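All remarks here apply to the structure that follows.
The values are calculated or read from the model by the stated rules, or taken from the named source; none is laboratory data. Quick caveat, the model's predicted, so the values are computed rather than measured. Cβ: placed from backbone, ideal geometry, glycine included. Neighbour counts: every protein chain shown. We work out accessible area using only protein heavy atoms, side chains counted, and drop any ligands, DNA or RNA first. Shrake-Rupley method; radii C 1.70, N 1.55, O 1.52, S 1.80 Å.
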Amino acid sequence: MRVAIFDVDGVLTDGGLYLDAGGEPLKRFHSLDGHGIRLLQQAGIAPVVISGRDSPALRARLASLGLTRQRLGAENKLPAAQALLAEMGCGWREAAVIGDDWPDLPLLTRAAFACAPPGAHPEVLARAHYVTRAAGGAGAAREFCDLLLAASGRYRRLLQAQLDAGGAESISAAASETGAEAESGRPA
């Protein structure tokens, strides 16, 4: 996989809509999910966010993760996804998607790997290749990230780098080294 597409509500959040007194949406994100997204970036798998909603809270979270590839307020997610994939020079065979509701179905049915949290709509669950154990907003996105890292052969190296040195520099080096091994055909 070269790209991982994330929905927000019900995937990166619990799907609840919390509003402050002024009607501004509040969002709760899980730190495990954020770290998983950072690991994907270090491993060369581009995380992309496509959401039907937009809010200052969401923009702040995406900025804190360094996510620049995003389409927010996308009523129709398919054209947004296709435009992003074209910009990145990727096709659906190189894309993994995690989503939870009908607006995600066009992406999930085209992706090489479709994932959903357990609280997803039944139509999404029926089409998912994998249903996470963790709920949306409670580690589902991290589980998705870990699956992609393991399938790419990078998970073990990233973990070992963390255990050995505990620093982001060693993790980045491990991700680069594993990427070279994957390209050369040597085992990760």
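Screening the candidates ILE98, ILE37, ILE50 for the property of being within 21 Å of SER152 (Cα to Cα), modelled with pLDDT of 95 or more and in contact with a helix residue (DSSP H, G or I) (Cβ under 6 Å, 6 or more places away or on another chain) yields one hit, ILE98.
Evaluation of VAL131 against the conditions (1) within 16 Å of the chain's Cα centre (by Cα); (2) closer than 22 Å to LEU58 by Cα shows that the sole unmet condition is (2). The residues of the range 89-113 that are without any contact (Cβ under 8 Å) to a residue 24 or more places away in the chain and either part of a helix (DSSP H, G or I) or in contact with an Asp or Glu (Cβ under 9 Å, 6 or more places away or on another chain) (or both), listed by number, are TRP92, ARG93, TRP102, LEU105, LEU108. Residues in the range 99-119 that are closer than 14 Å to ASP14 by Cα and within 13 Å of the chain's Cα centre (by Cα): GLY99, ASP100, ALA116, PRO117.
Candidates are the residues of the range 40-63 that are more than 21 Å from ALA135 (Cα to Cα) and out of contact with any Gly (no Cβ under 8 Å at 6 or more places or on another chain); the one that is most open to solvent (accessible area, probe 1.4 Å) is ARG59.
Exactly one residue out of ALA116, ALA140 is more than 23 Å from GLY91 (Cα to Cα), surrounded by 23 or more Cβ atoms within 10 Å (Cβ to Cβ) and out of contact with any Cys (no Cβ under 6 Å at 6 or more places or on another chain), and it is ALA140. Against the conditions (1) assigned to a helix (DSSP H, G or I); (2) touching an Asp or Glu at 6+ places or on another chain (Cβ under 9 Å); (3) surrounded by fewer than 18 Cβ atoms within 10 Å (Cβ to Cβ), GLN160 satisfies every one except (2).
Let's see how each residue does on (1) touching a strand residue (DSSP E or B) at 6+ places or on another chain (Cβ under 8 Å); (2) closer than 22 Å to ARG53 by Cβ; (3) modelled with pLDDT under 95:
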| site | (1), (2), (3) |
| --- | --- |
| HIS121 | no, yes, no |
| CYS145 | yes, yes, no |
| ALA165 | no, no, yes |
| SER172 | no, no, yes |
| ALA182 | no, no, yes |
| ALA188 | no, no, yes |
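Being open to solvent by 70 Å² or more (accessible area, probe 1.4 Å) and of a type in the set (Lys, Arg) is the filter here, so list the residues in the range 8-39 that pass it. Scanning the range 8-39 gives ARG28, ARG38. Per this entry, THR68 is counted among residues that are of a type in the set (Ser, Thr, Tyr), surrounded by fewer than 15 Cβ atoms within 10 Å (Cβ to Cβ) and at pLDDT below 95. Looking only at the range 119-133, residues that are assigned to a loop (DSSP other than H, G, I, E, B) and surrounded by 15 or more Cβ atoms within 10 Å (Cβ to Cβ) come to 5 in all. When the range 1-38 is limited to residues that are touching an Asp or Glu at 6+ places or on another chain (Cβ under 7 Å) and in a loop (DSSP other than H, G, I, E, B), the one that is farthest from ALA114 (Cα to Cα) turns out to be ARG28.
Scan the range 143-156 for residues that are open to solvent by less than 20 Å² (accessible area, probe 1.4 Å) and aliphatic (A, V, I, L, M) and the total you get is 2.
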